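Presented below is the structure to which this report refers.
Any read-out appearing in this document is the output of simple, stated calculations on the displayed coordinates, not a laboratory observation. These numbers come from a predicted model, not from an experiment. Here the Cβ positions follow ideal geometry from the backbone for every residue, glycine too, while neighbour counts run over all protein chains shown.
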Amino acid sequence: MADEKNTEKDKAKKPAAKKPAASKKAATKPDAAPTAKKPAAKKPAAKPKPKAETATKGKGAAEATSKTADSKAADAATSKAPAKKPAAKKPAAKKPAARPKAESKAKAKAKPKEPATRPVVNARARFVRVAPRKARLVADQVRGLPLEDALPLLRFSTRGAAQDIRKLLESAAANAETNHDLVADDLLIKDIHVDEGPTLRRYRPRALGRATRINKRTSHIVVALTPEEI
C-alpha cells in the first residue's frame, strides 16, 4: 500500500506533457470561419445545329483557306522566280514543193520499155523406138538452126532417128501457126534434147540351150521453137 501511494505522488509531481506547437502557417493566419463552397453555375446546353448548315460552313471555310494558301504560294513563286526570256522560235522547215503530175507522167513514159519476151512453142514425142545415143547425134546437128534449114537437112539424112525428129519439128511448127499466130519460116530451134525412156527386153536362143537378152531402148524427144525476131 505504501508503494502505491509513492507512485501516485511521483505522478502528481511530474509536469504535464507539452503539446506540440502549431505550425507557423496556422499561427500567422487569423482564425477564419470555413467558407462554404458555392455550387458551380450550370451553363445552358447548346442547341444542336442542323447537319447541312455545319457541312456548308465547313466547306466554305476550307475553300477560303485553300484559296488564300494558293494565292500566297503564287505570290511567293512570282517574287522569287526570275523573269524568263521568251524562247526564240525556230524557223519551220520548208516542205519540198510537190511536183506537178504532168512531170511524173512524162517521166513514166520516158522510162525504157522492157524487151518483149518471145513466145516459145513446145512439142514432145514419147516412147520413140530409137536408142537415145543415136537420137542425140541427130539432135546436136539441128540445135540452134532456123527451121527452114533444119528440115531439108533431116529429110536427106541417112540416120534412122532423123525422120522421127523431122516429124516432131513439123508438128511444133503447126502448133506455132495455129495456137500462137506465128509464121513457120521465121521460127528457130531454140532447144532440143533427148531423154531415155523405158527399155523393152527381148531374148534370142543361143548354143547349148541358152538365151541371151536383147534391149530395145526408147527415147523421149522434146523440141522448143521460138521466132527469130519480133
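Available extension along the chain between THR199 and ARG129 is 24.2 nm, counting 0.36 nm per residue and deducting the alpha carbon span. Contact order, relative form, for segment 107-230: 38 percent (alpha carbon pairs under 8 Å, 6 or more residues apart, mean separation divided by residue count). The Cβ shell under 10 Å around ARG129 holds other residues with a net charge of +1, Lys and Arg each +1, Asp and Glu each -1.
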